[in-house]
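Just so it is clear, none of the values below were taken in a lab; they were calculated from the coordinates. Since the structure is predicted, the reported quantities are computational estimates derived from the model, not experimental observations. Heads up, the Cβs are rebuilt from the backbone with ideal geometry, glycines too, and the neighbour counts pull from every protein chain shown.
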Amino acid sequence: MKIIFQVEYAARWGEELVVKSNLRSGDQPMACADGIRWTLQVAQQRLPEALRYRYALRKATGELEEEGGGWRTLAPQAAAFPTVVLSDSWRASGGDALISSPYTSVFFRRSEKLRDGGEAFCHHSRRLTIRASCIPQGCLLCVTGSDEALGGWDAHRPLLMQPALHGAWQTGFTPENRCQPIFYKYAIYDVKQQKVVRYEQRQRDRVLPPVEHSNAALWRNDEVPDFGLSAPRGAGVAIPVFALRSAGSYGVGQFSDLKLLADWAKQAGLSMIQVLPVNDTSATLTWRDSYPYSGISVLALHPLYLDLAPLSGCFTPKQAEQLKAEQRRLNALQEVDYERVMQLKWKYVRLAYGKEKTAVFASEEYKNFFAQRKRWLQPYAAFCYLRGRYKTADFAAWEEFAAFSEAKIAALNSPDFPEYDDVAIHCYVQLLLHNQLKEAATYCRSQGVILKGDIPIGVSRSSCDAWVAPELYNMDVQAGAPPDAFSATGQNWGFPTYCWSRMALDGYRWWQQRLHAMSEYFDAFRIDHILGFFRIWEIPLHSVQGLLGYFSPALPLSVSELNRRGAWFNAERLCTPYIREHVLQELFGDEACAVAQFFMEEYKAHSFRFKPEFGTQRKIEDFFAKQNGDSSELKSKLLDLLSDVVLIEDKSQPSRYHPRIAMHYARSYRELDEQQKQALDAIYLDFFYQRHNLFWKEQALQKLPAVRYATSMLACGEDLGMVPSCVPEVMQQLGLLSLIIQRMPNDSSVEFAPLACAPYLSVCSPGSHDTSGLREWWEEDRSATQRFYNHVLRHDGEAPATCEPWVVREIVLQHLNAPSMWAVFPLQDLLATSGSLRRSNPRAERINLPSNPHHYWRYRMHLTLEELLRRGEFSRELRKMVEDSGRTISS
């Protein structure tokens, strides 16, 4: 069999196109005679079961840039022809965000039964495939053209196309004259009027060239057509599931509450519900597990969100009465009491398990559920059992189970194991959670509302994932973030970083499994800290703050380069904490002598270093954890001293160095001579803002496509913070939506992001779970508020002392009118548009404090979803704002 790849691309001098495929021949360069039409001919005795291919551009620099979209496929029916010509259009970057499940499966879902379509057209020598999602109901795509098989340009006789999976439309035909080129266009056909009502907007007709061999097939894959339809823009609400409050909940939001929220969202004209991660975080079995970004499993759902109501038939009247009494007490609380809620839910889950286990485990439903998830479910259930048995999630303390063993895990999951019920109950709970979230997601879709999930950038160090596959993680370091608006000393998340080279060996299968599991419930997802796919802030285990971290991977500086650029390397002066007598006096005043005597040693005149027992931030932290009384100020000053360096040695590349982030605030830097400071300034600016751009771009393009194209979900990225200049380009290329928060612009030259200039492929929002709400922010910095009032809202005079409802409405309207594909609002900010619905204390609406690594995540709505649904006037006002801004998505 002969396969001929054809694609048009206007290449520059020194560039060439490459076909990447799973054929034995692998990646192959294409030939081109005119700089536009590229061809590759491959002889193949037999096709792979599923041929996958895509095109890539090899630039003159050697850099390989792949076309947009996922892998193309060749249907097995192609084997019926001795020669198949694959005539393709180069897929532009970012062009497939609308070919994602929110648009193909929810908002513009086809009523027709979707299928591959290969068999329907296998006998035709010409086959056309195109991707388009936003086709109105009652209409079909069609092809009209010069050949009689295409209706001869008659608007009443076009060739209708069949909707297929993932936004594709297909049709096939046999031309009357094989030797003539066929001119054609795509169009929208109104089924009721039985005619073409809109043609694609292009000056020239498309052309299907003749094929030399009479027994050859030509399969054409065209780019997305432009019908002149306005690009859909939607609006959504953001709130953690745990923050939902309903009459039927138990002191915390649960998956079933999403149905009530979807009812309200539909009422208010909103099409998206964005939530925080919902995976199990039960490591310590205390309130510290309330942190939703530290999962013990990236696949298991959190028992916190289980609705006990469907299990009520398993309880005695007395047990049911006690449950209702505790439910009333928990629901009366203003905030989530994580530990009480978890204790209550596990108490009644165990009762239900005792009644249901035999029937459930014998059911076909459970057998299918278990068979599809056995690979991760059994290790997870064993992990949860061993966490209880050893009273810790730190698997290093699990004696014979410290190292993961499939045989030992199988034994724990065997019904013959004496404590089998303590293992199996976790499988039972996961089935319940799966059913409840699946039911909620299905209901939301039926209301025209999609769920947007959240993928944390890390996993807990004491997680089932790290236990099962430790080779996928760098357990000797921890991930975090450099100093930013949230924390002057950076953030230390404590997660191990990923061993990307190991993950690449199987094509990032771990990530793809994670995304596939997520797509069962969600139609869109947010990649937390997407910058971690370019580079991650890696912090030594001995550090507490983020200041002593550095980006990884990176291109650190050699000693010779530092010297050549005038930094005059001196390890003792630049790489060790700068502690001089005058520094101690300045920091500690009258206590300087006592502090130096206890924590330090004088290694030369007037110069000090920490004693070995206090030589790292972790040692200082551990020391003060054992002390009585409030010594936080002293501890903070000692931690700052330990981070007072100018250069940090790379642990994996000895004798190579990173400039310490924010080194200009270090005393060590400030007391250098001006010439050396100027040299270091130049190095610093180049290192953080120029040196790595191409390198980090290459890193991201190796990893992100596997995540982006693993499913048909709409992919969004949280790209806040210290953003390399290559990030927008890569996100555009992959069709990833960026995040725009008005008061946190990525452009350091402006104070507030200009929403009117937002790109279409973006999500704009007035805040996030990491920021204060609009009302609290308004009162944080009076001068900033005044500038915002005058220059962004464009009002004269003095800004109101508080963020009054009319002010919030104006800010909401600015976001609704932005060009962004999505405008998503924290629920607190939407309620703030109403003087009667807003909470009395804006500071009680804060979800997270990023500067506090031990923050208790316990925010709850102050009114129930049922109450919100009853406030129809508020919903109607909000819906009118959404409709007037053109953000109501409808087919």
Charge dipole of the range 744-891 about the Cα centre (unit charges at C-beta), most positive-ward option of 767, 875, 755 = 875
Would you kindly calculate the mean projected area, averaged across all directions, of the convex hull enclosing the Cα atoms of the range 528-595, in square nanometres?
-> 7.5
Counting Lys and Arg as +1 and Asp and Glu as -1 over every other residue whose Cβ sits under 12 Å from the Cβ of residue 437, the net charge comes to -2
If Lys and Arg each add +1 and Asp and Glu each add -1, what is the summed charge of the other residues whose beta carbon sits under 9 Å from the beta carbon of residue 217?
-> +2
Would you mind checking the tilt of helix 257-267 against the longest principal axis of the Cα atoms of the chain, expressed as 0 to 90 degrees and rounded to 10?
-> 60
Dipole check, the range 595-721, charges on Cβ (K,R +1; D,E -1), about Cα centroid: among 669, 706, 645 the Cα furthest to the positive pole belongs to 706
Expected unfolding gain across residue 593-residue 471 under the 0.36 nm per residue rule, minus the alpha-carbon gap, is 39.2 nm
Given H placed on each backbone N at 1.01 Å, which residues far from residue 238 in sequence or on other chains put an amide H within less than 5 Å of it?
-> 274, 825, 827
A chain fully extended from residue 611 to residue 438 at 0.36 nm per residue, minus the present Cα-Cα distance, gains in nm 56.6 nm
Placed amide H near residue 742: partners under 5 Å, 5+ positions off or other chain = 765
Let me know the Kirkwood hydrodynamic radius for the chain, please, with Cα pairs as the basis and the value in Å to one decimal.
-> 30.6
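Magnitude of the Cβ-charge dipole of the range 565-678, K/R +1 and D/E -1, about the Cα centre, nearest 20 debye?
480
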Karplus-derived HN-Hα couplings along the range 161-177 (A = 6.51, B = -1.76, C = 1.60, θ = phi - 60°), whole Hz, x at Gly and Pro = 9, 9, x, 10, 6, 6, x, 8, 10, 9, 7, x, 7, 10, x, 5, 10
Part-to-part distance (alpha-carbon centres) for the range 6-78 and the range 776-809, which is given in Å | 55
Report, to the nearest 10°, how far helix 420-446 tilts away from the longest principal axis of the Cα atoms in the chain, using its own Cα long axis and a range of 0 to 90°.
-> 60
Among 237, 315, 296, flag the residue with its Cα farthest along the positive direction of the charge dipole of the range 235-338, charges on Cβ as +1 for Lys/Arg and -1 for Asp/Glu.
-> 315
Normalised contact order of the chain, rounded percent, pairs of Cα under 8 Å and 6 or more residues apart = 13
Is the range 227-293 rounded, prolate or oblate when judged by the Cα gyration tensor, a ≥ b ≥ c being the square roots of its eigenvalues, rounded requiring a/c under 1.5 and prolate requiring a/b larger than b/c?
-> oblate
May I ask you to list the trypsin sites (Lys or Arg not before Pro) in the range 378-474 that are in a DSSP loop and have at most 14 other Cβ atoms within 10 Å of their Cβ?
-> 391
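Quick one: grab the alpha carbon gyration tensor of the range 170-257, order the square roots of its eigenvalues as a ≥ b ≥ c, and give me rounded if a/c is under 1.5, else prolate or oblate depending on whether a/b is larger than b/c.
It is prolate, given that a/c is not under 1.5 and a/b is the larger ratio.
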In sequence order, what are the phi-derived ³J(HN,Hα) couplings for the range 843-854 according to the Karplus relation 6.51 cos²θ - 1.76 cosθ + 1.60 with θ = phi - 60°, rounded to whole Hz, with x for glycine and proline?
-> 6, 7, 9, 6, 8, 9, 10, x, 6, 10, x, 10
Amide H neighbours of residue 600 under 5 Å, counting only residues 5+ apart in sequence or on other chains, H built in-plane at 1.01 Å?
-> 611
Give the Kirkwood hydrodynamic radius (Å, one decimal) of the range 476-554, defined as one over the mean of 1/r across all pairs of different Cα atoms.
-> 14.0
Candidates per chymotrypsin sites (Phe, Trp or Tyr not before Pro) in the range 239-286, loop by DSSP, up to 10 other Cβ within 10 Å | none
The range 238-253 - phi-based ³J(HN,Hα) in whole Hz, Karplus 6.51/-1.76/1.60, Gly and Pro as x | 10, 6, x, 4, 5, 7, 5, 10, 9, 5, x, 8, 10, x, 7, x
With no solvent and one point on each alpha carbon, what is the Debye value of log10 I(q)/I(0) for the range 80-236 at q = 0.10, 0.13, 0.17 Å⁻¹?
-> -0.35, -0.60, -1.04
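Report, in debye and to the nearest 20, how large the dipole of the chain comes out about its Cα centre when Lys and Arg carry +1 and Asp and Glu carry -1 on their Cβ.
Here the size comes out at about 2040 debye.
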What net charge is computed for the residues neighbouring residue 572, neighbours being all others with C-beta under 12 Å from the C-beta of residue 572, Lys and Arg scored +1, Asp and Glu -1?
-> +3
Going by alpha carbons, how many degrees (0 to 90, nearest 10) lie between the helix axis of 632-642 and the longest principal axis of the chain?
-> 70
Which loop-located GluC sites (Glu not before Pro) does the range 31-89 contain, where loop means any DSSP state but H, G, I, E or B and the Cβ has at most 11 other Cβ atoms within 10 Å?
-> 49
Distribution output for the range 266-387: share of Cα-Cα pairs per 5 Å bin in percent, first bin at 0, values 2, 9, 14, 18, 19, 17, 13, 6, 1, 0
